[in-house]
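Trainee: Here it is: the structure, laid out below.
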Amino acid sequence: MIVAAALPLVAEYGAAVTTSRIARAAGIGEATIFRAFKDKDEVLDACVAEAVDTDHVLRELASVSLDEPLADRLAQAAEALRAHVERMGTVVRALHASGHRRRARGPGAGVGPDAPQDGEAPPPDSRAQSVAALRNAVVELIEPDRAAFRLSPEKVAAAFLGLLFTRLQPPVPDAAAPLTPDELIAVLLHGTLNAPGSA
């Protein structure tokens, strides 16, 4: 409840958000925050952990009906993943811009040079596990159409995520506009040739 109330405030104010503002948003007394968290930095760290956590987007992907056409399933997946990446980026950028540095928490948790700092991605194995979970969720979405693909669903899912995450990168000056979700799905399913196999 505290972290859920804090997330939009952290996205807006970064580390400048006050615990009294968070308490008001959560509908609790400020002292209640300090019964759950040692200090404000611990609240901010919990917000980063929640923002990068993939559980929410995995639930959204799992809720897409497999009875829908493949392109519609992929469009819903693209929207869910876009929202996840946007939320994660907004929170991390706001904290980084306001000078918050994430601390390692708990005995042995991210201690040493590999401890993630605010503005940095989670540890490599954590990141790899998240990407694998997302890929597996996309595999489940496209599995009903396995026979229609020249590649395995695992490779198609990896290509989909690669195209999608490239599209979600910050724009490069003078670069072409990124693919729209419909264009991305069309490239994935039909390539870029007017008549595939004719080149």
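The values are calculated or read from the model by the stated rules, or taken from the named source; none is laboratory data. Here the structure is a predicted model, which is why all the values come from computation and not from measurement. Backbone-built Cβ (ideal geometry, glycine too); neighbour counts: all protein chains shown. Keep in mind that these areas ignore ligands, DNA and RNA; they rest on the heavy atoms of the full protein, side chains included. Shrake-Rupley method; radii C 1.70, N 1.55, O 1.52, S 1.80 Å.
Trainee: I need every pair where a residue in the range 56-73 that is under 15 Å from ALA157 (Cα atoms) and touching a residue at least 12 places away in the same chain (Cβ under 8 Å) has its Cβ under 9 Å from the Cβ of a residue that is open to solvent by 70 Å² or more (accessible area, probe 1.4 Å) and part of a loop (DSSP other than H, G, I, E, B), sequence separation at least 6 or different chains.
Mentor: These pairs meet every condition: ARG73/LEU66.
Trainee: Here's a follow-up. Of these, PRO124, PRO113, which one is closer than 23 Å to LEU164 by Cβ, more than 13 Å from the chain's Cα centre (by Cα) and modelled with pLDDT under 90?
Mentor: Working: PRO113 fails: closer than 23 Å to LEU164 by Cβ.
Only one candidate passes the filter, namely PRO124.
Trainee: From (1) at pLDDT below 95; (2) touching a helix residue (DSSP H, G or I) at 6+ places or on another chain (Cβ under 7 Å); (3) under 23 Å from LEU179 (Cβ atoms), pick out the condition that doesn't hold for VAL85.
Mentor: (2)
Trainee: Looking at this structure, is ALA159 under 20 Å from ASP53 (Cβ atoms), open to solvent by less than 50 Å² (accessible area, probe 1.4 Å), touching a residue at least 12 places away in the same chain (Cβ under 8 Å) and out of contact with any Pro (no Cβ under 9 Å at 6 or more places or on another chain)? Spell out the reasoning first.
Mentor: On the way: under 20 Å from ASP53 (Cβ atoms): no; open to solvent by less than 50 Å² (accessible area, probe 1.4 Å): yes; touching a residue at least 12 places away in the same chain (Cβ under 8 Å): yes; out of contact with any Pro (no Cβ under 9 Å at 6 or more places or on another chain): yes.
Taking the combined requirement at face value, the residue does not satisfy it.
Trainee: What number of residues in the range 142-160 are under 11 Å from LEU188 (Cβ atoms) and outside any helix (DSSP H, G or I)?
Mentor: So the count comes out to 2.
Trainee: I need every pair where a residue in the range 7-34 that is closer than 15 Å to SER98 by Cα has its Cβ under 8 Å from the Cβ of a residue that is of a type in the set (Ser, Thr, Tyr), sequence separation at least 6 or different chains.
Mentor: Between residues of the range 7-34 that are closer than 15 Å to SER98 by Cα and residues that are of a type in the set (Ser, Thr, Tyr), the close pairs are ALA11/THR90; TYR13/SER98; GLY14/SER98; ALA15/SER98; ALA16/SER98.
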